[in-house]
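Structure record follows, encoded as structure tokens.
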Amino acid sequence: MIPAATQSNPGAIEIEPVSLPDMALGSRNAPVTIIDYSSMTCSHCAQFEQTVLPILKSRYIDTGYVHFVFREFRLDVKAAGASMLALCIANDEPNRYFSAIDTMLRQQDQLINDAIKDIGLQFGMSDQQVESCLKDQSLLDRISADQKIASNMVKIASTPTFIINGRTYKGYMPFDQVDGIIRSQLRR
């Protein structure tokens, strides 16, 4: 099923998390901005990341047409832990963040503590660093605060949800649909 677009709240694209920095790829000055609200435990989110994002990246992000923002909208405790670890791995570096979420979404069925620890180790963290990250209540509180903004102000209720230049699209979108939306935005 192809999701329908709905009008987003005026200015919703400008609403940014208050607690954590956005993790993004591409130029902030790109003519098209895609904000992806996803959960590390959402199978449709993993499908988008594995099948659509690589093409999107090569055709539009790397060429300066799209600014792609990933915002975690955790669906459960496992997603919260994965999100926390991705942020710790990244240490505010978007490329490391996207590499970490790619790894986690590919191993989504194994996102239990041992698998999460293994992923941390793959990215050079020690067992102690992984444990400290996963027990960081301040980090969890910041993730929760930003999720509350997404729920209450941007009206995100499910994953994946995409906001493309101010319009909201709910559910998985194949590349052809995303491509059509981007092309129509570029013609404006």
Taking only pairs that are 8 or more places apart or on different chains, how many Lys pairs in region 5-187 have Cα atoms under 22 angstrom apart? 8
Give me the net charge for the shell around M40: Cβ to Cβ below 14 angstrom, other residues only, Lys and Arg +1, Asp and Glu -1. -2
Sorted from fewest to most neighbouring beta carbons within 10 Å, what does the list H67, H44 look like? H44, H67
Counting only DSSP beta bridges with both partners in the chain, the antiparallel fraction in percent, to the nearest 5, comes to 65
When M40, M104, M153 are arranged by how many other beta-carbons sit within 10 Å of their Cβ, fewest first, they go M153, M104, M40
Please arrange I149, I61 by how many other C-beta atoms lie within 10 Å of their C-beta, fewest to most. I149, I61
Quote the charge dipole size of the chain about the Cα centre in Debye, to the nearest 20; the model charges only the Cβ of Lys and Arg (+1) and of Asp and Glu (-1). 740
Local electrostatic count, S126, Cβ distance below 13 Å [Lys/Arg +1, Asp/Glu -1]: -2
Picking from Y169, L75, I143, whose Cα lies most toward the positive end of the charge dipole for region 5-187 (charges on Cβ: Lys, Arg +1; Asp, Glu -1)? Y169
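Values in this text are rule-based calculations from the coordinates and carry no lab data. All values derive from a computational prediction rather than experimental measurement. Cβ atoms come from the backbone with ideal geometry, glycine included; neighbour counts cover every protein chain shown.
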